[in-house]
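Undergrad: Mind looking over this structure? Questions follow.
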Amino acid sequence: ASSLAPHDLRDRDEAVRGLPGGVGPPSPAARRATDPRRRWVVLPGRFTAEQHKRLEGIRGIHSERRLERFYPQGDVGREVLGFVSADGRALGGVEQEWDDLLRGQDGYALMRRDALGRKEPTVSLPVVPPRDGRDVYLTIDFGLQEIADGALREAVRSTGSDGGDLLVADPRTGEILAAVSRRAGGARTLAGFTEPYEPGSTFKPFFVAALMAHGRVSLDETVHAENGHWTDPNGRRFNDVHAMGAVTVREALRESSNIAMAKLSPRLRPAEQYGYLRDFGFGTPTGVEYPSEAGGRLRRPAGWSRLTPASLAIGYEVAVTPLQLVMAYGALANGGVLMEPRLEREVRGQEGETMRRWEPRRVGRVLPRQVTEGLRLVV
């Protein structure tokens with residue numbers, strides 16, 4: 001960025017020639033900018049290093065160097081990385097979470113001017129060199145991130161959606177391998193970590209898992225799905241997309257029967273149902289190191305109504321983040337062990353030495369392995 005003080009100009013024509021028409025104001029605007037009746041003028045636009053060199057040394061023209069973050073892969077992964085403002089402030093994402101490590105420290109040099117106003121470095125006063133920040137290595141796999149980015153873009157386009165989220169995680173380690181979010185208006189924030197939603201039918205496997213773990217149901221047990229329409233004793237009406245009669249619990253879960261889940265919900269006491277959902281990580285932040293992670297919403301049983309157990313069985317009256325959901329499904333794939341999600345792999349110092357390394361962290365066993373083995377075949 002550049003500005004000028006017309007009063008200080010010794011050669012107005014020289015200044016006008018130094019302001020090219022390709023970048024910066026055109027010649028008539030340059031004439032107005034150098035009008036001696038004006039005290040201070042901010043020149044619009046950015047100047048390249050070559051253009052800056054032509055302006056350097058012209059008395060009355062003052063330049064300010066601004067650094068900008070460069071993204072080699074374009075927009076891929078921007079919602080994970082975050083942004084840096086024009087004045088160097090970290091805004092969101094990994095940039096904000098690890099700003100203290102990434103920022104580094106500015107250096108400075110003491111300069112002097114000669115009688116003509118030209119700058120020259122001094123050798124008699126100390127100079128403090130800048131210090132680079134540390135490097136944070138992520139668990140993101142760029143190939144998967146690029147694939148996920150394209151897949152989500154196409155899914156949003158083909159469905160006419162306002163946005164969506166797509167997360168890929170390794171259930172054995174909790175590593176986030178890809179994380180993409182899109183929202184209307186082009187905002188690129190990682191909403192999959194920060195925005196809860198009502199999960200609906202994707203919640204049903206966790207309800208069936210709790211029933212199986214307590215020995216209240218088996219996958220081969222038969223339940224009647226009432227041919228697609230049923231009113232429970234509370235007067236609440238349930239409907240299924242796929243009308244079915246007598247089916248096994250396995251078939252009811254595979255076909256996502258609301259009626260079958262609602263009929264089975266009284267078999268768990270509220271404290272049991274709530275306890276298992278909390279064990280899966282719902283209703284509390286996962287602990288991923290990313291700013292503004294949401295914890296979702298899962299009310300304690302004291303706040304439930306008579307309708308809540310059946311609502312939870314089919315994924316209503318609860319709000320979860322996509323991150324919580326993918327980690328909970330990871331527990332089903334990982335033999336019942338819930339892992340803590342990890343986005344960072346290690347921090348390295350200025351010489352490339354490892355200063356911190358994240359290892360897989362186990363939150364706890366949620367289900368017996370035999371329960372997850374049966375559920376995995378269904379899901």
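Undergrad: All but one of (1) within 25 Å of Val378 (Cα to Cα); (2) open to solvent by 50 Å² or more (accessible area, probe 1.4 Å) hold for Met212; which doesn't?
TA: Single failed check for Met212: (2).
Undergrad: Here is a further query. Condition first: over 14 Å from the mean Cα position of the chain (by Cα), hydrophobic (A, V, I, L, M, F, W, C) and part of a helix (DSSP H, G or I). Now tell me which residues in segment 283-325 satisfy that.
TA: Across segment 283-325, the qualifying residues are Ala302, Ala310, Leu312, Ala313, Leu325.
Undergrad: Output the qualifying pairs, or none if there are none: Cβ atoms under 9 angstrom, residues six or more apart or on different chains, first residue in segment 335-349 and closer than 11 Å to Val366 by Cβ and among the small types (Gly, Ala, Ser), second residue part of a strand (DSSP E or B) and open to solvent by 10 Å² or more (accessible area, probe 1.4 Å).
TA: Gly335/Arg365; Gly336/Arg365
Undergrad: Follow-up. Which residues, counting only those in segment 75-109, are more than 16 Å from the chain's Cα centre (by Cα) and polar (S, T, N, Q)?
TA: Listed by number, the residues that qualify are Ser85, Gln105.
Undergrad: Anything in segment 100-128 that is at pLDDT below 75, assigned to a loop (DSSP other than H, G, I, E, B) and on the phi < 0 side of the Ramachandran plot? List them, or say none.
TA: Asp114, Ala115, Leu116, Arg118, Thr122, Val123, Ser124, Leu125, Pro126
Undergrad: Taking only pairs six or more apart or across chains, which ones have beta-carbon atoms under 6 Å, a first residue in segment 309-324 that is in contact (Cβ under 8 Å) with a residue 60 or more places away in the chain and closer than 23 Å to Pro341 by Cβ, and a second residue that is in a strand (DSSP E or B) and of a type in the set (Asp, Glu)?
TA: Qualifying pairs under 6 Å: Pro322/Asp165.
Undergrad: What's the total number of residues in segment 168-198 that are in a loop (DSSP other than H, G, I, E, B), open to solvent by 10 Å² or more (accessible area, probe 1.4 Å) and of a type outside the set (A, V, I, L, M, F, W, C)?
TA: 12
Undergrad: Identify, by number, the condition in (1) in a strand (DSSP E or B); (2) in contact with a helix residue (DSSP H, G or I) (Cβ under 9 Å, 6 or more places away or on another chain); (3) surrounded by fewer than 21 Cβ atoms within 10 Å (Cβ to Cβ) that Leu338 doesn't meet.
TA: The single condition Leu338 does not satisfy is (3).
Undergrad: Can you tell me which residue in segment 85-99 is farthest from Tyr290 (Cα to Cα), limited to those that are part of a helix (DSSP H, G or I) and open to solvent by less than 30 Å² (accessible area, probe 1.4 Å)?
TA: That would be Glu95.
Undergrad: Being more than 28 Å from Pro301 (Cβ to Cβ), within 18 Å of the chain's Cα centre (by Cα) and either among the small types (Gly, Ala, Ser) or open to solvent by 40 Å² or more (accessible area, probe 1.4 Å) (or both): is that true of Arg345 here?
TA: yes
Undergrad: Criterion first (touching a residue at least 12 places away in the same chain (Cβ under 8 Å), of a type in the set (Asp, Glu) and open to solvent by 20 Å² or more (accessible area, probe 1.4 Å)) does Glu251 satisfy it?
TA: When the stated conditions are applied, Glu251 does not pass them.
Undergrad: Still on this structure: Check off (1) buried (at least 18 other Cβ atoms within 10 Å of the Cβ); (2) in a strand (DSSP E or B); (3) not aliphatic (A, V, I, L, M) for Gly330 and give me the number that stays unchecked.
TA: Every listed condition holds for Gly330 apart from (2).
Undergrad: What number goes with the only condition from (1) in contact with a Lys or Arg (Cβ under 9 Å, 6 or more places away or on another chain); (2) β-branched (Val, Ile, Thr); (3) surrounded by 15 or more Cβ atoms within 10 Å (Cβ to Cβ) that Thr231 does not pass?
TA: The one condition Thr231 does not meet is (3).
The values are calculated or read from the model by the stated rules, or taken from the named source; none is laboratory data. All of these numbers come straight from a predicted model, not from anything done at the bench. Neighbour counts are summed over all protein chains in view; Cβ atoms, including those assigned to glycine, are modelled from backbone coordinates with ideal geometry. These area figures cover heavy atoms from the full protein model, side chains too; ligands, DNA and RNA do not enter into them. Shrake-Rupley method; radii C 1.70, N 1.55, O 1.52, S 1.80 Å.
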